[in-house]
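Below is one structure, written out as structure tokens, with a few remarks after it.
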Amino acid sequence: MKLRQLHYIHEVAKHNLNVTAASEALYTSQPGVSKQIRLLEDELGVQIFERNGKHLVRITEVGKAILELAEKVLLFSNNIERTVADFRNDSRGPFSIATTHTQARYALPPIIRRFKERYPDVVLHLHQGTPEQIAEMASLGQVDCAIATEAIELFDDLVMLPCYRWNRCALVPKNHPLTRITHLSIEALAEYPIITYVFGFTGRSQLDKAFASHGLEPNLVLTAVDSDVIKTYVRLGLGVGIIAKMAYEPETDADLVVLPSEHLFEPSVTRIGFRQGLFLRSYMLDFIQMFAPHLTPEIVKNVGALRLPEERQLLIDQLDLYVQDYAPELKKVKAVS
């Protein structure tokens, strides 16, 4: 049995039994992948994949057990390589992060600037996507960390740690009727068309809950994943924009009026996550603490080392309480210290 063979069966399973796609991802030939899988099955004396002619049609029951173990072996192998690299040079290497547009555009820039100043030799890859895409990239090991706010249930196989709270604000053009209201209410918002995020993005669920709690539905006329797109259509007079407060920029958005609305919506919590058992390089731990100062390397390592889910969740719950009670709410892009 060779480590390469385990890598091959893992990639084939990850690509929905498409050997051609797996071979392209592995930068090798399709016949070579098929041959190595056959050799591994012959050596083990079992079929990992059931076939219909030359095509793989499903994973056998024993194959599922083998693949589960193979994933752990590959993770341990990767951790060995990361550990050696960290001892050789703890400030050089790759680092990939998956997140949403709002985090990438508004929350991360000052953090990444500090990080690159401290680690100029780290090659940083920033991937933007939906919560579903982010969760998939992280669970498949395509990225080191995932940063998300919505659809946390999709990240069950990741260790998701709370970073900071944030809330949203309403935006309207100058002279809009809502600018004459001293205390904004959900009922007042419900009287106007709403422009906000696509469901599943940037705390959108809290908006829907706020309207539903009053027996109302928002009159959604346009949704987008990009805060700048929402602001563009607010400027065109199509509706009231509801965006993350951090996405309002006083210098560039001076033509829009901010309507305080923290009292209308429950705060959202942004989290950073990684695969259980993944060895995080020193500079990755440093990045996490830059992004969320209370997540020290010791805390992150302790959470990652806990194997019992209930013990891990207990510690995460304590961190949630800290973020709720003590960590400052992110109202705008974090200042560079």
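See the values below:
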| read-out | value |
| --- | --- |
| Lone qualifier among 11, 68, 50, 43 - being of a type in the set (Asp, Glu) and surrounded by 18 or more Cβ atoms within 10 Å (Cβ to Cβ) | 11 |
| Residue match in region 160-170 (condition: in contact (Cβ under 8 Å) with a residue 60 or more places away in the chain, open to solvent by 50 Å² or more (accessible area, probe 1.4 Å), over 19 Å from residue 222 (Cα atoms) and in a loop (DSSP other than H, G, I, E, B)) | no |
| Residue in region 74-90 that is open to solvent by 30 Å² or more (accessible area, probe 1.4 Å), part of a helix (DSSP H, G or I), in contact with a Ser or Thr (Cβ under 8 Å, 6 or more places away or on another chain) and within 24 Å of residue 163 (Cβ to Cβ) present | no |
| Looking only at region 257-297, and only at residues there that are at pLDDT 90 or above and charged (D, E, K, R), the one that is farthest from residue 79 (Cα to Cα) | 271 |
| Those residues of region 270-282 which are crowded, with 21+ Cβ neighbours inside 10 Å and either without any contact (Cβ under 8 Å) to a residue 40 or more places away in the chain or not charged (D, E, K, R) (or both), in sequence order | 270, 272, 273, 274, 280 |
| Residue check for residue 206: surrounded by fewer than 21 Cβ atoms within 10 Å (Cβ to Cβ) and in contact with an Asp or Glu (Cβ under 6 Å, 6 or more places away or on another chain) | yes |
| Members of region 191-237 that are of a type in the set (D, E, K, R) and free of Cβ contacts under 8 Å to residues at least 60 places away in the same chain | 191, 204, 208, 209, 217 |
| Output for region 115-154, where each listed residue is in a helix (DSSP H, G or I), over 18 Å from residue 279 (Cα atoms) and in contact (Cβ under 8 Å) with a residue 40 or more places away in the chain | 115, 118, 131, 132, 152 |
| Subset tally (residues that are open to solvent by less than 50 Å² (accessible area, probe 1.4 Å) and either more than 30 Å from residue 84 (Cβ to Cβ) or touching a residue at least 60 places away in the same chain (Cβ under 8 Å) (or both)) for region 300-333 | 12 |
| All positions within region 172-186 that are closer than 18 Å to residue 230 by Cβ and either in a loop (DSSP other than H, G, I, E, B) or in contact with a helix residue (DSSP H, G or I) (Cβ under 6 Å, 6 or more places away or on another chain) (or both) | 172, 174, 176, 184 |
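The values are calculated or read from the model by the stated rules, or taken from the named source; none is laboratory data. Not measured: the values here are computed from a predicted model. Methodologically, a virtual Cβ is constructed for each residue, glycine included, from the backbone with ideal geometry; neighbour enumeration extends over all protein chains shown. Remember, those area values only see protein heavy atoms, side chains included, never the ligands or the DNA or RNA. Shrake-Rupley method; radii C 1.70, N 1.55, O 1.52, S 1.80 Å.
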